[in-house]
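All remarks here apply to the structure that follows.
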Amino acid sequence: MTSYIVLLGPPGVGKGTQAEILSAKTHLPHISTGELFRENMKNDTKLGREAKAFMDGGELVPDSLTIAMVEGRLARPDCRSGAILDGFPRTPVQAEALGQMLARASQGIDLVSFISAAPGVLVERAGGRWTCVAQGHIYHQKYNAPKASGKCDVDGSDLVQRADDSAETVRKRIEVYLEQTAPLVEYYRAAGKLVEIDGTQPIDLVTKALLAALGAKG
Ligand code: AP5
């Protein structure tokens, strides 16, 4: 059975954390558009240079660049059985494009999981986040601390803070989310795909709710 799962929600709510866990449990690839852009920036590609100014300012990267990048990633063989999409789609144009991409492959979205939390929670989570340089594994200094300070538990690489996690940029990202991404909640609710999950719960309880939603979808 194929499964395309979208994790929708504001910045810092825990989409990447849950996508990593779900990917390990389901063996579906975790596709994070933010991580793909950061990889391109690290490798100084043309796409990375184009995306940088938008990301640094907390704005969305233009739809055309984002959609082309995701289309390329979904065309790879590891996505034949499905994928966990973290941070995509983020605009109505991206949502339409995703629907069309999957329809061309006779597929569709199985579940959209909307994880929510209040802005104060999001700023605290992003402010305390540490990410590994090698593969983007995610930690939090208080809620999900690494075993050895400053080192990734999985691959031992250094942990760094993201350039766009200052309180000011996170607030800007929340504004952008409310304007451009929040409308997708109603879009997917109307399509009968949406499940709402309380993102203020501890990490393991959010996972439990997600797995229950996936199980219910069958
Ligand atoms: P992206 O990297 O996707 O950032 P985001 O959506 O803003 O989400 P975050 O990665 O900040 O948070 P998250 O929800 O994944 O939370 P996490 O699990 O890390 O995008 C960055 C930028 O790229 C965008 O601003 C934009 O410029 C560009 N971009 C990306 N996608 C795009 C698109 N589709 N279109 C256009 N532009 C795009 O958790 C956060 C912290 O909280 C961690 O420290 C974690 O350990 C902790 N935590 C997680 N869950 C819990 C919990 N339940 N309890 C306590 N702590 C928790």
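Values quoted throughout were computed directly from the atomic coordinates according to the rules given, and no laboratory measurement underlies them. All values derive from a computational prediction rather than experimental measurement. Counting neighbours? That spans all protein chains shown, and the Cβs are built from the backbone with ideal geometry, glycine included.
Structure summary
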{"item": "Rough spin-label spacing in nm, given labels placed 7 Å along Cα→Cβ, for Ala148 and Leu211", "result": "2.9"}
{"item": "Cα gyration tensor, the range 1-70 - rounded (a/c under 1.5), prolate or oblate", "result": "prolate"}
{"item": "Cysteines not pairable in the chain (beta carbon separation under 4.7 Å absent)", "result": "Cys79"}
{"item": "Prolate/oblate/rounded call for the chain, Cα gyration tensor, a/c under 1.5 rounded", "result": "rounded"}
{"item": "Charge dipole of the chain about the Cα centre (unit charges at C-beta), most positive-ward option of Leu178, Ile67, Leu210", "result": "Leu210"}
{"item": "Count, lysine Cα pairs under 20 Å in the chain, 8 or more residues apart or across chains", "result": "15"}
